[in-house]
Amino acid sequence: MNRPTRLVVLVSGSGTNLQALLDACADPAYGARVVAVGADREDIEGLARAERAGIPTFVRKVSDFETREGWDASLATVVERFEPDLVVSAGFMKLLSPTFLDRFLTLNTHPALCPAFPGMHGPRDALEHGVKVTGATLFVVDAGVDTGPIIAQVPVAVEDDDDVESLHERIKTAERAMLVDTVGRIAREGITVEGRKVRIGAGAR
Ligand code: GRF
């Protein structure tokens, strides 16, 4: 078997998606391992999860830099140090620059069915719109907000008595399963991105 695919995971909050990846990576047959976890803020559960798992962490706060470009360059430098095959943005609440994205193949998970309801409030916006089905999307990050080529999606039904929290929690359960399944398949089988078409398998990594 090939060496495990090296993942750097970026987080900003509770890190349940990160935890799902850490749990999956415990099985060597999964084909990937988390080599570092980065954040844009301190004192978050996502970092604590990494520390408990013995994974190196780093923090780059935008407010510590004079310019956004400086922050982005510093983030790229520290990520590079861990030689990732893939960067996974899992609840990371910052946009990444085109320079960063040219350097690292970066995946992101969004709690809505793209292209519907991009941005910070996917579950709230879906609920307010009155859709009956929403879900989660795993995509290749590009320069836009939740606009990149779609890798995988999972539907989640909206219940009559849902509020934002209950809906987001149900989405997150489906989102974690999709993330783990898809990242594992990418690690084992490779990924090709041609324009907006993403294919898993066919050997490429
Ligand atoms: C996920 O729903 C993600 O899609 C969104 O924020 C949530 C992060 O959850 N951007 P967690 O930090 O992985 O628990």
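Write out the GluC sites (Glu not before Pro) in the stretch 159-205 meeting two conditions: DSSP loop, and at most 16 other Cβ atoms within 10 Å of their Cβ. Don't jump to the answer; show the numbers that get you there.
Working: sites: GLU159, GLU165, GLU169, GLU175, GLU189, GLU194; in loops: GLU159.
Taking the stretch 159-205 and a limit of 16 other Cβ atoms within 10 Å, the loop GluC sites (Glu not before Pro) found are GLU159.
Tell me, LEU138, LEU113 in order of fewest to most beta-carbon neighbours within 10 Å?
LEU113, LEU138
Starting from the amide H of MET93, placed 1.01 Å from N in the peptide plane, find each other amide H under 5 Å away whose residue is 5 or more places distant or on another chain.
SER12
Could you give the size of the charge dipole of the chain about its Cα centre, using +1 on the Cβ of each K and R and -1 on the Cβ of each D and E, expressed in debye and rounded to the nearest 20?
880 debye
Which of the lysines could a cross-linker span from LYS132 if the Cα-Cα distance has to be under 25 Å and same-chain partners fewer than 8 positions apart are dropped?
LYS132 reaches LYS172.
Out of all DSSP beta bridges with both ends in the chain, state the antiparallel percent to the nearest 5.
45 percent
Quick one: 3J(HN,Hα) in Hz for the stretch 75-80, Karplus 6.51/-1.76/1.60 with θ = phi - 60°, rounded, Gly and Pro as x.
4, 4, 5, 6, 4, 3
Tabulate in residue order the Karplus-calculated ³J(HN,Hα) for the stretch 54-68, using 6.51 cos²θ - 1.76 cosθ + 1.60 with θ = phi - 60°, rounded to whole Hz; enter x for Gly and Pro.
x, 9, x, 10, 8, 10, 10, 9, 4, 5, 7, 10, 6, 10, 5
Dividing the convex hull volume of the alpha carbon atoms of the chain by its residue count, what do you get in Å³ per residue?
Values: hull volume 24.6 nm³, N = 205.
So the per-residue hull volume is 120 Å³.
Averaged over all directions, how much area does the convex hull of the C-alpha atoms of the stretch 1-97 cover when projected, in nm²?
5.9 nm²
Taking θ = phi - 60°, what integer Hz values does the Karplus form 6.51 cos²θ - 1.76 cosθ + 1.60 yield along the stretch 104-110, in sequence order, with x for Gly and Pro?
Once rounded to whole Hz, the list reads 10, 5, 10, 9, 9, 10, 10.
Using alpha carbon centroids, what distance separates the stretch 100-117 and the stretch 5-51, in Å?
Measuring centre to centre over Cα atoms gives 17 Å.
Readers should treat all values here as calculations from the given coordinates under stated rules, not as data from a laboratory. No experiment lies behind these values; they were computed from the predicted model shown. Glycine gets a Cβ as well: all are built from the backbone with ideal geometry, and neighbour counts include every protein chain shown.
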